[in-house]
Amino acid sequence: MTVSAGTSVSALFAGRHVSPTERAEIQSTRPRTVVPVTVNADIHAGANTWHALPAAQQPEWPDSEALRDVIAELASYPPLVFAGECDQLRSRLGAVARGEAFLLQGGDCAEAFDGVGADQIRNKLKTLLQMGAVLTYAASVPVVKVGRIAGQYSKPRSKPTETRDGVTLPVYRGDSVNGFEFTPESRTPDPERLKRMYHASASTLNLVRAFTTGGYADLRQVHAWNQDFVKSSPSGQRYEALAREIDNALSFMAACGIDPAEFRTVEFFSSHEALLLDYETALTRTDSRTGRLYDVSGHMVWIGERTRQLDGAHIEFASKISNPLGVKLGPGTTPAEALTYIERLDPDREPGRLTFIVRMGADKVRDKLPELVEKVSATGAQVAWICDPMHGNTFEAASGHKTRRFDDVLDEVKGFFEVHHGLGTHPGGIHVELTGDDVTECVGGGDEIFVDDLHQRYETACDPRLNRSQSLDLAFLVAEMYRGQ
Ligand code: PEP
Ligand code: CO
């Protein structure tokens, strides 16, 4: 792991448990050498101002020539998304920033190459569509739907190595870098994986586009999304009742001669953390319409809690691309930092350009968030405020599983709403880690999962995700909070 010299250890680990040994280990390794970001000079010569800056969390690729070849190849591949689509999302997020819409952003913590099967993608999409239907109908607000999908293959890690039974190997950094299996071969970073990330993203996006525009996401399918689920879970049954109401409303409108095209397709956007700057740079292209740079690996990209150093390469990279941007803000974020992100990333003060994804932890959000929101609002900047109730609420169960309590997740969202309510600002949305599969990774929820159940279907390659039932529970509860504001 490389960290910029200016980053404090507490900022790097804000919101998650760090043992004294781990903290000492990280402290003793700072500052480390900085891995330069490879230039992709052919595409936009001279524009890669982020190249020279320290880039945290970049893998130590063993063969720099092999990396260069891969990057050159990636730079020749077609874009995964169009600049115009990114503009459209920016405009939708503008509505979120103005208080006219709600953002639902969700998906895996880490996508995996063996998770690009049709069933898994459909289940994730189905869960997001169901949550979107609940929020739109029960909270009566337009919902902007963004997946953590088709590019979320790279993970920042708190330690560069992992030790098991006395053997120390490089930590797993996501399928884009190395393998999960604990062997030297698998854990060695392999740049060929960057190409697999591109292809996995492309096939995922292709299927998502087919699902969302090819009839599957037609609002008249609200029941069909729930069919496999309705009998088995309380949240499925609650959803079924809501779907019946939506059906009635649709029938009423059809009888009145209203059948808008908006009901037949769904606008759905992709997003991921812009972590591996070699990959993101290779996918950064000049828009032929405007001459501006866009990272065409996804519609929206965000900068994570561990790579948001103001003097680092990630923020510089983000400042140069025109995509809608997210920045994760942990409990260590100062108001001055938040204001500087606005200066750097949203100098034109364009609503929709910048989304602050707040991940404070349920026990801190009520203390830490008000000052940030107040100071930002005082500048007149219209950023979108989104709550990530996952990353500040992770703990290790006695069984060794990394988990989260559904009640903590819910409590952080509640705190987030309370703060905005108190200040008269808009709680703009939620950012959650979820899967459409019936996993047992987070405890609690209406169809309760207990600590002793965690081993049953614990499948995540990184952080614990809400399963489908917990995700729907959350959507219903958030809709109530939104309505009750
Ligand atoms: C993540 O979103 O998976 C993540 C690592 O979040 P954060 O940067 O907020 O810790
Ligand atoms: Co995560």
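The values are calculated or read from the model by the stated rules, or taken from the named source; none is laboratory data. All values derive from a computational prediction rather than experimental measurement. Cβ: placed from backbone, ideal geometry, glycine included. Neighbour counts: every protein chain shown.
Of the residues ALA384, ALA362, only one is crowded, with 17+ Cβ neighbours inside 10 Å and in contact with a strand residue (DSSP E or B) (Cβ under 8 Å, 6 or more places away or on another chain); which?
Criteria check complete, one pass: ALA384.
Check region 149-162 and report whether any residue there is over 16 Å from the mean Cα position of the chain (by Cα), of a type in the set (S, T, N, Q) and within 16 Å of ligand 1 (Cβ to nearest atom).
So far as region 149-162 goes, yes, one or more of its residues are over 16 Å from the mean Cα position of the chain (by Cα), of a type in the set (S, T, N, Q) and within 16 Å of ligand 1 (Cβ to nearest atom).
Can you tell me which of (1) within 16 Å of ligand 1 (Cβ to nearest atom); (2) free of Cβ contacts under 8 Å to residues at least 60 places away in the same chain; (3) not in a helix (DSSP H, G or I) is the one PRO347 doesn't meet?
For PRO347, the failing item is (1).
Picking from THR307, THR333, which residue would you name as being more than 16 Å from VAL373 (Cβ to Cβ) and β-branched (Val, Ile, Thr)?
The unique qualifying residue is THR307.
Could you say which residue among GLY445, GLY428, GLY415 is within 17 Å of the chain's Cα centre (by Cα) and away from ligand 2 (no atom under 16 Å from the Cβ)?
Exactly one residue qualifies, and that residue is GLY428.
Among ASP259, ASP278, ASP228, which is the only one that is of a type in the set (Asp, Glu) and either touching a residue at least 40 places away in the same chain (Cβ under 8 Å) or within 16 Å of ligand 1 (Cβ to nearest atom) (or both)?
The match here is ASP278.
Quick check on my filter: what residues within region 205-225 are among the small types (Gly, Ala, Ser) and either outside any loop (DSSP other than H, G, I, E, B) or touching a helix residue (DSSP H, G or I) at 6+ places or on another chain (Cβ under 7 Å) (or both)?
Step one: filter region 205-225 for residues among the small types (Gly, Ala, Ser), giving 210, 214-215, 217, 224.
Within region 205-225, ALA210, ALA217, ALA224 meet the criteria.
Please work out if GLU305 is under 16 Å from the mean Cα position of the chain (by Cα) and either among the acidic types (Asp, Glu) or assigned to a helix (DSSP H, G or I) (or both).
Yes.
Hey, could you check region 300-322 for residues that are within 16 Å of ligand 2 (Cβ to nearest atom) and aliphatic (A, V, I, L, M) and say which is surrounded by the most Cβ atoms within 10 Å (Cβ to Cβ)?
Step by step, filter region 300-322, then rank; the result is VAL301.
Within region 327-341, how many residues turn out to be in a loop (DSSP other than H, G, I, E, B) and either of a type in the set (Asp, Glu) or within 16 Å of ligand 1 (Cβ to nearest atom) (or both)?
Qualifying residue count, region 327-341: 4.
Identify all residues within region 397-419 that are acidic (Asp, Glu) and within 16 Å of ligand 1 (Cβ to nearest atom); write none if there are none.
Across region 397-419, the qualifying residues are ASP408, GLU412.
So which residues in region 226-244 are surrounded by 13 or more Cβ atoms within 10 Å (Cβ to Cβ), of a type outside the set (A, V, I, L, M, F, W, C) and outside any loop (DSSP other than H, G, I, E, B), if there are any at all?
The answer is ASN226, PRO234, SER235, GLY236, GLN237, ARG238, TYR239, GLU240.
Could you go through region 124-141 and let me know if any residue there is within 16 Å of ligand 2 (Cβ to nearest atom), crowded, with 23+ Cβ neighbours inside 10 Å, outside any loop (DSSP other than H, G, I, E, B) and under 17 Å from the mean Cα position of the chain (by Cα).
Looking for residues that are within 16 Å of ligand 2 (Cβ to nearest atom), crowded, with 23+ Cβ neighbours inside 10 Å, outside any loop (DSSP other than H, G, I, E, B) and under 17 Å from the mean Cα position of the chain (by Cα), one finds at least one in region 124-141, hence yes.
Restricting to region 329-342, give me the number of residues that are in contact (Cβ under 8 Å) with a residue 60 or more places away in the chain and surrounded by fewer than 24 Cβ atoms within 10 Å (Cβ to Cβ).
The qualifying residues number 2.
Here are some residues: ARG465, ARG457. Which one is modelled with pLDDT of 95 or more and out of contact with any strand residue (DSSP E or B) (no Cβ under 8 Å at 6 or more places or on another chain)?
Step by step, each of ARG465, ARG457 is checked, and only ARG457 is modelled with pLDDT of 95 or more and out of contact with any strand residue (DSSP E or B) (no Cβ under 8 Å at 6 or more places or on another chain).
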